[in-house]
Amino acid sequence: ESAGEVREAQVFTVPMAAPDDVSGVAELFDAGTVDPAHVVALIAQTEGDGYARGFAAQCLQLLLAERLGLSRDAVFARIPMLMIGGTAGLMCPHVTLFVNRPGVPDAADGAPRLALGVASTRALLPEEYGTPRQVALVAEAVRAAMADAGLAGADDVVCVEMKCPQMTEARMQDALGRGAGVVHPSPAAASSLSRGASALGAAVALGEVPAEAITQAAIAGRPELFTTRGSASSGSEQVAVRVVV
């Protein structure tokens, strides 16, 4: 926890009948089970493709904007949303809320308990996607999220969830128009390298990979360098990090 602040971490999962169905989240708010002001991050698994995923994110942002009295852009900046499109196999569409509620957790002194920390990098330039610069920025954000969770070290970190930049043709042309190169001429390959850089950023922050091992060739090029506690998905302009301990 931050200095002088005690928080209880909570996690709530509700089903989604369709990409625009945020009724389960609204019911948590209406019942007083969750104060929307205490929501620090969301993860949603929606049916449909990437467009459906984006539609679901907009619906969640609109709901939170209404309940918090903020603009949708302000909600986007405040609450990381890790949206995943498609529900393969037996997975059902759902949204999970991560909540830091002020108050003393109901646990014995010294007993392990859930803690949540959230941080984001600045918006990356397209020419930084998939590069050692992205690795360094992500490592910095993971450390910030660990501090937000009240941790001095990485040993207690269970999971680092990351949403990282996705290269598009427009972003690639933006970089090229400014005379900057990009990590790969294929947007799909560049996005893969962005995920790799994010994973290595988490690995560096958690002490799984030494920082001096990070070179451009190492990103997605050295399979012996990896994280066992980080998960990276692309689809943003910055890297949003959520640490669970």
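No value in this document is a laboratory result; all are computed from the given coordinates. Quick caveat, the model's predicted, so the values are computed rather than measured. Heads up, the Cβs are rebuilt from the backbone with ideal geometry, glycines too, and the neighbour counts pull from every protein chain shown.
Which trypsin sites (Lys or Arg not before Pro) does the stretch 1-78 hold that lie in a coil by DSSP with at most 16 other beta carbons within 10 Å?
none
If I take R0 = 41 Å and measure r between the Cβ atoms of ALA37 and ARG178 in this structure, what FRET efficiency does the formula 1/(1 + (r/R0)^6) give, to the nearest 0.05?
The formula returns an efficiency of 0.55 here.
At what distance in angstrom do the alpha carbon centres of the stretch 58-73 and the stretch 144-201 lie from each other?
About 26 Å separates the Cα centre of the stretch 58-73 from the one of the stretch 144-201.
I need the P(r) histogram for the chain: all alpha carbon pairs, bin width 5 Å from 0 out to the longest distance, whole percents.
Reading upward from the zero bin: 1, 7, 13, 16, 18, 17, 14, 9, 4, 1, 0, 0.
Rounded to the nearest 20 Debye, what is the dipole magnitude of the chain about its Cα centre when Lys and Arg each give +1 and Asp and Glu each give -1 at the C-beta?
Taking the Cα centre of the chain as origin, the dipole is about 480 debye.
Within the chain, what's the longest stretch lacking GluC sites (Glu not before Pro) that sit in DSSP loops with no more than 14 other Cβ atoms inside 10 Å?
6-223
To the nearest 10 degrees, how steep is helix 50-68 against the longest Cα principal axis of the chain, on a 0 to 90 scale?
Computed tilt is about 40 degrees.
What angle, in degrees between 0 and 90 and rounded to the nearest 10, separates the Cα long axis of helix 187-205 from the longest principal axis of the Cα atoms of the chain?
Taking the Cα atoms of the chain, the angle to 187-205 is about 70 degrees.
Only sites in a loop by DSSP and with at most 13 other Cβ atoms within 10 Å count here; which trypsin sites (Lys or Arg not before Pro) in the stretch 142-187 make the cut?
ARG178
So for the chain, taking the charge dipole from beta-carbon charges (+1 Lys/Arg, -1 Asp/Glu), which of MET91, SER231, ILE219 sits furthest toward the positive end?
After comparing all options, I get ILE219.
Dipole of the chain (Lys/Arg Cβ +1, Asp/Glu Cβ -1, origin at the Cα centre): which of CYS59, VAL135, VAL75 lies farthest to the positive side?
VAL135
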